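Bear in mind that the values in this text are calculations on the coordinates, not laboratory data. This one's a predicted model, so the numbers in the text were calculated from it and none came from an experiment. Because the Cβ atoms are built from the backbone with ideal geometry, glycine has one as well, and the counts that use them run over all protein chains shown.
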Amino acid sequence: MRFLSIARNVNRHTVQPNRFLSTSQILKNEVAPNLGTIPAPKKPIGGFRGGIVGFLFGFSLASSFAAYHLLEEYQQASAALQASVETLQMSTEKISAHVRRIEAVEKDLKALNQATASKEDISRVRAETKKLLDGLHVEFLDLRSHVWGIQQDLQALSKKNSTTVRI
């Protein structure tokens with residue numbers, strides 16, 4: 001505060017010189033050269049025009065920001081879709097390989113089914129085998145009885161010295 005009062009006192013004591021401008025008659029009559037027109041002062045941007053310009057600037061900034069994020073999300077979605085397609089392609093290839101293996105197994109099974117015998121074939125072969133065995137058994141018994149007959153004849157010949165032989 002003290003400095004403020006000192007500054008007021010100094011301003012009161014200073015003398016201000018008076019300066020008057022005077023010109024001669026010759027200079028007053030002389031025509032001033034044309035330096036051009038003075039440009040009209042710019043009108044300040046009013047509140048309404050400033051609001052519109054600000055709104056348009058903000059809208060363009062926000063829409064460019066939204067477009068950038070939309071493009072970024074589109075790229076991410078596209079990358080995810082591409083990865084999904086690649087995964088689907090790999091699983092499709094695996095399924096195709098499994099189907100080819102199943103088809104090969106079915107082909108082998110069909111070939112085996114054609115090569116194997118059915119129940120009817122087995123029962124027919126069994127019946128034929130049984131007939132053959134029965135026939136062999138009958139022949140074996142006939143042969144055995146014939147050999148026994150020869151043995152009996154030999155024993156009888158050796159005891160009686162007989163000359164009859166059964167054939």
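Among the lysines, select those whose C-alpha is under 23 Å from the C-alpha of K42, and discard any that sit fewer than 8 residues away in the same chain.
Straight-line reach from K42, under 23 Å: no lysines qualify.
Could you give the nm distance between label points at W148 and E120, where each point is 7 Å from its Cα heading toward the beta carbon?
Once both label points are built, they end up 4.4 nm from each other.
Cα centroids of region 91-139 and region 45-88: how far apart, whole angstrom?
71
Between A83 and I95, with labels modelled 7 Å along Cα→Cβ, what's the label distance in nm to one decimal, could you check?
Between A83 and I95, the label points sit 2.2 nm apart.
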